[in-house]
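FYI, it's all coordinate maths here, none of it is from the lab. A quick note: this is a predicted structure, and the numbers were derived from the prediction, not measured. FYI the Cβ positions are ideal-geometry reconstructions off the backbone, even for glycines, and counts take in every protein chain you see.
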Amino acid sequence: MGFLAVFGALGFGRFGYSAILPAMQKDLGISSAAAGSLASWNLGGYVIMAAIGGLLASRFGARKVVAAGSIVAAAGMLLTGLSSSLVSASAARLLTGLGGGCVLVPSVALMSAWFDVRRRGMASGIVTSGSSLALVIAGPLVPLIISAGGSEGWRLAWYFFAALTLLVGILTIVFQRDRPYSAAAKARAARGSRPALDLKSVVRSRYAWHLGFVYMMFGFAYMVYFTFFQKRLTADLGFSSSAAGELFLVVGVASLACGVLWGVISDRAGRGRAIAAMCFMQAVGAALFAWWPGTPGLILSAVIFGLTSLAVPGIVGAGCGDQFGPVLASASLGFVTIFLGIGQVLGPYLAGRLADAHGTLAYSYLMAAGVFFLGGLLAAFLRETGWRTAIGARQVEPARPQPIGPAEGA
């Protein structure tokens with residue numbers, strides 16, 4: 001259900017927009033700058049609600065928050081299809097982002113309640129792979145819907161995405177659970193007790209701030225790579241729009257397995273080491289996009305980026321679960337996502353300024369490569385006390401069974 005929720009609210013809400021944008025922009029008669037602002041509204045809504053959604057999930061449970069987020073995202077997609085001006089489209093994209101922010105953080109953090117440290121990274125990676133599937137599906141599906149619907153085709157595409165996302169929200173309410181059934185959970189529910197949310201421990205944690213700055217650097221460089229991907233190919237290198245779209249599809253196909261692959265690696269090597277390895281590889285991918293503008297270099301860059309980029313949020317979420325436990329997993333992931341949002345806002349802006357100054361995006365991608373590299377270095381020194389403690393506990397067997405005292409026995 002986590003995979004499907006991310007697939008609908010975040011995958012269609014974000015990547016579906018890129019596929020629908022050309023027809024939508026033409027019909028609404030808006031400029032390229034205005035079209036870019038619509039993406040900013042969506043991103044802004046996502047960042048705002050990612051932090052709040054994490055707190056809400058810690059308080060009310062992931063099932064309710066994810067279901068509500070899916071329904072809100074579906075409403076935003078429906079209103080996007082109904083929009084007739086830039087103002088109404090901006091409001092609809094903001095609403096879609098707000099819904100998406102309530103989905104990803106709680107869905108990833110929920111894995112901390114269902115899986116122990118040995119499988120948490122893999123489970124979180126599966127959840128975030130929902131965006132990859134949406135990226136692959138939206139590419140070939142949207143042109144078919146637009147072609148069949150004529151001038152209203154782009155609206156039909158949004159209606160279709162909204163219907164699927166609404167269905168996922170309903171299924172979430174019916175099937176998803178916030179924790180596995182256990183006698184302890186049943187006893188807590190009978191007593192009406194709820195674990196206290198020690199949010200100060202998150203804000204004061206050096207681990208949270210360290211991971212947050214790593215996430216910020218990733219978000220900075222990640223958004224540069226994706227935001228200017230097609231413009232680099234078409235404006236700088238002379239590729240056709242269809243060829244650029246095919247190369248973007250390579251990123252999507254390569255990303256299908258990245259969540260599980262890097263999730264398993266992080267389960268064995270540690271979250272920080274896995275993130276560091278991914279950032280170093282992404283640095284190579286961004287550098288290739290700048291230094292090797294030939295087709296082989298661009299394909300290699302797309303494959304490298306696809307195999308690494310979309311796995312990072314899942315590993316970050318697993319790290320929050322390791323360090324803060326299932327009760328604070330959503331809140332802590334929401335906190336570090338604020339850093340991600342800052343990076344995602346600054347990256348494209350500075351990259352655009354750099355491109356305007358030099359007349360090419362090559363230097364922007366070199367900047368992204370440098371930021372990826374710095375993020376990898378910072379991630380390599382991440383102190384993962386929660387992960388290491390759990391690993392050590394699995395490896396050390398007790399010398400003899402511990403006796404149960406009268407109180408415990410009773």
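Remarks
- Taking Kirkwood radius over Cα pairs in Å as calculated from this structure, the corresponding entry among [x] 21.7; [y] 30.7; [z] 26.7 is [x].
- Shape category assigned to the stretch 235-289 from the gyration tensor of Cα positions, a/c cut at 1.5: oblate
- Helix-derived mean residue ellipticity, 222 nm - over the chain, DSSP H n ≥ 4, -39500 (n - 2.57), to 500: -26500 deg cm²/dmol
- Tensor-based shape of the stretch 1-119 (alpha-carbon gyration tensor, a/c under 1.5 rounded, otherwise prolate or oblate): prolate
- Span-like helix ranges in the chain, DSSP H, alpha carbon extent 20 angstrom or more, Kyte mean at least -0.5: 32-60, 62-82, 86-109, 120-149, 153-175, 206-227, 241-255, 271-291, 312-358, 362-380
- Evaluated with a Cβ-only charge set (Lys, Arg +1; Asp, Glu -1), the stretch 48-185 carries a dipole of roughly 420 debye about its Cα centre, given to the nearest 20.
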